[in-house]
1. Within region B:316-336, restricting attention to residues that are within 9 Å of chain A (Cβ to nearest Cβ) and in a loop (DSSP other than H, G, I, E, B), which residue is farthest from A:Ala328 (Cα to Cα)?
2. Select the strands (runs of 3 or more DSSP E) contained entirely in region B:114-153, then report the ones holding at least 1 residues which are more than 28 Å from B:Tyr175 (Cα to Cα).
3. Anything in region A:303-315 that is within 14 Å of chain B (Cβ to nearest Cβ) and of a type outside the set (D, E, K, R)? List them, or say none.
4. Taking the options B:Arg300, B:Arg339, name whichever one is more than 11 Å from chain A (Cβ to nearest Cβ) and in contact (Cβ under 8 Å) with a residue 24 or more places away in the chain.
5. Does region A:276-291 contain any residue that is surrounded by fewer than 23 Cβ atoms within 10 Å (Cβ to Cβ), without any contact (Cβ under 8 Å) to a residue 40 or more places away in the chain, within 30 Å of A:Ala366 (Cβ to Cβ) and at the interface with another protein chain (Cβ under 9 Å from one of its Cβ atoms)?
6. In region B:337-353, what count of residues is obtained for those that are assigned to a loop (DSSP other than H, G, I, E, B), surrounded by fewer than 24 Cβ atoms within 10 Å (Cβ to Cβ) and touching a strand residue (DSSP E or B) at 6+ places or on another chain (Cβ under 7 Å)?
7. What residue, of B:Arg314, B:Arg334, B:Arg300, B:Arg360, is within 28 Å of B:Ala262 (Cβ to Cβ) and among the basic types (Lys, Arg)?
8. Considering only residues of region A:342-363 that are in contact with an Asp or Glu (Cβ under 7 Å, 6 or more places away or on another chain) and in contact (Cβ under 8 Å) with a residue 12 or more places away in the chain, which is nearest to the other protein chains (Cβ to nearest Cβ)?
2 protein chains.
Amino acid sequence: MNHLYRICFFIALVLPVVAVSAADAPVLREVEQWDVYEIELEGPSGGNPFLDVRLSASFSDGFRRFEVDGFYDGDGVYRIRFMPDRPGRWTYFTQSNRRQLTNRQGAFEATPAAKGNRGPVQVHRTFHFAYADGTPYYPFGTTAYNWLHRKDRLRAETLETLAEAPFNKVRMLLYPEDEKARPMPPEFPFEGDDPRNQEWDFERLNPAFFRRVEEGILALRDLGIEADVILFHKYGEDWGFEAMDPEVDDRYLRYVIARLAAYRNVWWSVANEWDFVRTKTMDDWDRYFKILSDHDPYGRLRSIHNGFRMYDNRKDWVTHASIQNGAAVEEPGRAQMYRDVWEKPVVYDEVKYEGDLVQRWGNLSAEEMVHRFWAGTVAGTYVGHGECYQHPSREIWLTTGGVLRGGSPERIGFLRSILEDAPGPVDPVDKWQDPTMGGIHGEYYLVYFGREAPEKWRFQLFRRGLAEGQEYAVEIIDTWNMTITPVDTTFVVTRKDGYHFIDRGGRAVELPGKPYHALRIRRVGGESVFAVEELPLL
Amino acid sequence: MNHLYRICFFIALVLPVVAVSAADAPVLREVEQWDVYEIELEGPSGGNPFLDVRLSASFSDGFRRFEVDGFYDGDGVYRIRFMPDRPGRWTYFTQSNRRQLTNRQGAFEATPAAKGNRGPVQVHRTFHFAYADGTPYYPFGTTAYNWLHRKDRLRAETLETLAEAPFNKVRMLLYPEDEKARPMPPEFPFEGDDPRNQEWDFERLNPAFFRRVEEGILALRDLGIEADVILFHKYGEDWGFEAMDPEVDDRYLRYVIARLAAYRNVWWSVANEWDFVRTKTMDDWDRYFKILSDHDPYGRLRSIHNGFRMYDNRKDWVTHASIQNGAAVEEPGRAQMYRDVWEKPVVYDEVKYEGDLVQRWGNLSAEEMVHRFWAGTVAGTYVGHGECYQHPSREIWLTTGGVLRGGSPERIGFLRSILEDAPGPVDPVDKWQDPTMGGIHGEYYLVYFGREAPEKWRFQLFRRGLAEGQEYAVEIIDTWNMTITPVDTTFVVTRKDGYHFIDRGGRAVELPGKPYHALRIRRVGGESVFAVEELPLL
């Protein structure tokens, strides 16, 4: 706890008492750190507030300043939402081109985050993620594209499913998909008389639509789930949202940022299958990223999801790669390669889906889905889930949400629990040499054998972080049956050659000779070695 | 032959006759298209010409203009070298800050390229290369880092070896490696009294060193071999060339460009294992690229070769990726991934070497080396060779040149002949789905089974470019024994499903059940289909 934090904490505890006892000191409204403080203002409702009225506020904790856009919420109501990232006293004043809305001042108190509120997820150690409080965040995402835009019963069912499922991120479309022959979405992002004929008033956003979106995002937040919000896609072709003019696109984006950015579980996914959206150019995609960078005061995570062609994820405004490529986690040795070229976290959000469709992107077995999670994990990358089993209800998790029917989620949860037990994120241990092993040099290793069914594994670790006499405990993991079986001995290492250490007795680990098995190896004795070498070993 | 070309060709044939018959018309010097026209001028030798004298020339064919730097060649001699890229009459004038050297004017005649002169190699169709005359160039490179800097006997032997070898590119260091306990290089790039003590005059380059380099490059050119010239590396630490000041680096680069850029077989490799050179920053590497882009009038191919970390090969000034990563071509499905992210040709210049060293980068079997060439080829990428067998002579091909002792070159030559027989460059046929197959949709396929030893292969092709009733001939290739065995039947295709066509009779190709086999499949009947689809098939 640093000094500033201590002071703030003190204020937060003491202030309500002071406020009550000193009648002429105003009582400060309180909001939890990383929650949302909302300013509500009455303003003009005539003309077109979406076009005519500019509104923002400047928030400061006395050290830093955040410029935050407000938005029109209909019926003469304007709102400005702000997420305080530190506890303590915050002040603000508004700016507007309307007298009613400008120079409104105020203050509030941010209280320290309560248990379960770890703040927004950020990039951590180049290839990984952590919550703002430092807790590692290992993405175990799923996709339910259109769940936000279904009727309340189905939305509630989706949330019930997620409450029990192992997923801590959901990918979802901000504007609705045109699901052929399915019920109309209850709301649309723009005002309009006849959705089927694309008769929108693109100059008027629809606050009711966004309120419904926000309810969904907040419900996810309360379940500890990140909302990976897809801003553009081509699946709304019946509605016409993928072919709006640039000014409309940009206004839509600014409005979305003003409404949603303050929610700490929001991630921005600029597009799904960006290269399949034939109504945009690369300049458009770059511009959307720039708008997000410029106007989101919190720098929420930003990515763009590919179809067949890769976006240049090295660009500054991309925080992590959001990849569609099932082949990359199908066999060992592939997943890691994108880490090298982008030097950012690699999230394989789409590796084909568990399901029974005739399309080859939608018919993975549960075993194969689980396999891909493990293959990505030992490569120091993250894998996402999706499910598309056909069902008489026409409800398919991937599209509508609802219930999960597949065999992979439970096993994905098992992997998640293993990763969350690890002492830190997993990286490749001996890049370009041994694609089966990830871990932390000299401390912790996961070895995944995939489709191989070895009957033994000679105990051998890459030299980095190792020293004579260190002791290692080994457990055998059945990734499908979710068992962890300790090996009844400790392995003591000795140098084998310029690259490896082996067990002093040259012993091997006996394995059951079945596919989809893994090892967890942990140092249980001997010194820790500072695991840095002058040059990596090729 | 376009109109301009025809005119030039006419002039080239007729002009000598005219010049002889009309005594007062000057006889134009002639030089072959894509060869080097050299201006030699007498100038000042006092002071320090390397620092004091600026010299360049402006060349034009009446349509375009090239600004070309000159250089000081010692003993009061200055030279400007220029490669005319089109036949026809070229004029020039010089510019200098010395009266003797400035405003010298002249003209010459570029004659059409003779047989065997196909011009410089350029990037072709995103992922491939072609000579300037349009002939595809498939890189089959090798590495002999220090061959330029060995005694004449060994250099001659290297050239004799290359004359018989299958390689059409050699990677080589421009400044010498410090080979411990080996003979001193005959010349160094700078003047200096005591090389071992790094007592260089970094303000004076050594023309004798560069003349020796040029002899080597020209000898390669005459063998039809590209010279991939490595400009910086860390293996010269005993000499100190990797730790020069930025001004010296830049002057060295400008001098190298002035001397070498006109040779059509020159490629620029900014560094070997750039990330292992701890005396440079990323800004330095970027600046070297920029100097090459700005001052090489011909835009010779530019790359940078990695150690453990990837340079951002998306940067504009990189023409192709020059990669060290043996793992990428060890198993199928990996090599293609870098194509996706960089959208440039991917050359795996270093995939470990055939040899018997204890180091794991230097002990591939010949079989494994050949395997990696095939694995890279069917992925639409290119692989490079290297060899490091220990020998009593202490001559190792990788370092010194000399003779080849390994088993892979002959088989690499076999692959090269197959590729040069193909109707065009090989690309992945069904990216992310079938990593064993490369080719040209509906026309030509190579299938490589690698370490697999199948006994049959069910005839099946990805749907793009296919139509009912097309006929295909199949040959079985033994990549190691270099045999091509035709299958005694023709396969007639019919649609199987949304993805594939198969043989009408559902037939398979019988295979010998041994590793390292491949198939060559060519359409021999039926219509050609324009092989473009609206969206790629995931």
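The values are calculated or read from the model by the stated rules, or taken from the named source; none is laboratory data. Because the structure is predicted, anything quoted here is derived from the model rather than measured. We place every Cβ from the backbone using ideal geometry, glycine too, and count neighbours over all the protein chains shown.
1. Filtering first and then ranking leaves B:Asn325.
2. In region B:114-153, the matching strands (runs of 3 or more DSSP E) lie at B:121-124, B:128-131.
3. A:Ile304, A:His305, A:Asn306, A:Gly307, A:Phe308, A:Met310, A:Tyr311, A:Asn313
4. The conditions single out B:Arg300.
5. Within region A:276-291, none of the residues are surrounded by fewer than 23 Cβ atoms within 10 Å (Cβ to Cβ), without any contact (Cβ under 8 Å) to a residue 40 or more places away in the chain, within 30 Å of A:Ala366 (Cβ to Cβ) and at the interface with another protein chain (Cβ under 9 Å from one of its Cβ atoms).
6. Final tally of qualifying residues: 1.
7. Answer to the check: B:Arg300.
8. In this case the residue turns out to be A:Tyr353.
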